[in-house]
1. Can you tell me which of (1) crowded, with 24+ Cβ neighbours inside 10 Å; (2) more than 20 Å from G77 (Cα to Cα); (3) in contact with an Asp or Glu (Cβ under 9 Å, 6 or more places away or on another chain) is the one V214 doesn't meet?
2. Specify which of the listed residues (Q127, Q163, Q91, Q170) is polar (S, T, N, Q), closer than 19 Å to Y205 by Cβ and out of contact with any Ser or Thr (no Cβ under 9 Å at 6 or more places or on another chain).
3. Return a yes/no flag: does region 57-72 have any residue that is open to solvent by less than 40 Å² (accessible area, probe 1.4 Å) and touching a Pro at 6+ places or on another chain (Cβ under 6 Å).
4. Residue pairs, Cβ under 6 Å, 6 or more apart or interchain, first in region 123-151 and over 13 Å from A165 (Cα atoms) and open to solvent by 40 Å² or more (accessible area, probe 1.4 Å), second in a helix (DSSP H, G or I) and of a type in the set (F, W, Y). List them.
5. Give just the number: which of (1) touching a helix residue (DSSP H, G or I) at 6+ places or on another chain (Cβ under 8 Å); (2) open to solvent by 50 Å² or more (accessible area, probe 1.4 Å); (3) within 23 Å of A93 (Cβ to Cβ) does P160 not satisfy?
Amino acid sequence: MTKIIWIVALLFSVVVAKDMDPKKLESSCDNGDMGACFSLGVLYERGKGVKKNYQKAFELYQKACDGGDLDGCDSLGTLYESGKGVKQNYQKAFELYQKSCDGGIPLGCYHLGTLYESGKGVKQNYQKAAELWEKACDGGELFGCSLLGALYEVGLEIKPNYQKAAKLYQKACDGGDSDSCYNLGNLYRYGGNGLREDYAMAKEYYGKACDLGVQRGCVNIKD
């Protein structure tokens, strides 16, 4: 499960800046707009409109975070966690995720939960990961819902409960998370642990997963 979470974290750790002019953002950042510093950092990290430069992204996220932009703190944490633009430091990532989560950033809570799940920068604690993913999920971070659902499905330090897993996968699936649609299809296909087997529902969610690009969902519709 750790490998899956790590991949998800890498794919979705950065908030995408939409159609932003790097020059305008730089001017605004220089004039004290910390949100602009954060957004410009996103562009440098992703190479959108500018040449990809992790070091520059790091500097901008640091400036944003120091200036009170908690999204900047969270994104700075992802660079420390991955070792991009700065020496890898899980403890520093932990501190930054904690700061952003405590400040009400759901993505920060999600990332903090992944550290507790993997035991990087902090003692491994699935219960704490579950609490943080629940907080992230309640705040609208769909991957928090998805990973909390996985904990309830697998039962890591939590009693397996497919009904709870299904509700969490449902929320994430409704929000467009394709893997949660597929996982929900599996739960209904096989049932157990408090969830009734329902192959019609399984096919419905495999179909949603298929429509969202999950090839396994397409295959299972035909089974």
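1. Of everything listed in (1) crowded, with 24+ Cβ neighbours inside 10 Å; (2) more than 20 Å from G77 (Cα to Cα); (3) in contact with an Asp or Glu (Cβ under 9 Å, 6 or more places away or on another chain), V214 misses just condition (1).
2. Unique residue meeting the criteria: Q163.
3. no
4. N125/Y116; K128/Y116
5. So P160 meets the others, but not (3).
Conditions tested, residue by residue: (1) crowded, with 23+ Cβ neighbours inside 10 Å; (2) at pLDDT 95 or above; (3) touching a Phe, Trp or Tyr at 6+ places or on another chain (Cβ under 8 Å).
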| site | (1), (2), (3) |
| --- | --- |
| Q88 | no, yes, yes |
| Q91 | no, yes, no |
| S100 | yes, yes, no |
| G104 | no, yes, no |
| L107 | yes, yes, no |
| T114 | yes, yes, yes |
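The values are calculated or read from the model by the stated rules, or taken from the named source; none is laboratory data. Because the structure is a prediction, the values reported are computed rather than measured. Neighbour counts are summed over all protein chains in view; Cβ atoms, including those assigned to glycine, are modelled from backbone coordinates with ideal geometry. For accessibility, only protein heavy atoms count, side chains too; no ligands or nucleic acids. Shrake-Rupley method; radii C 1.70, N 1.55, O 1.52, S 1.80 Å.
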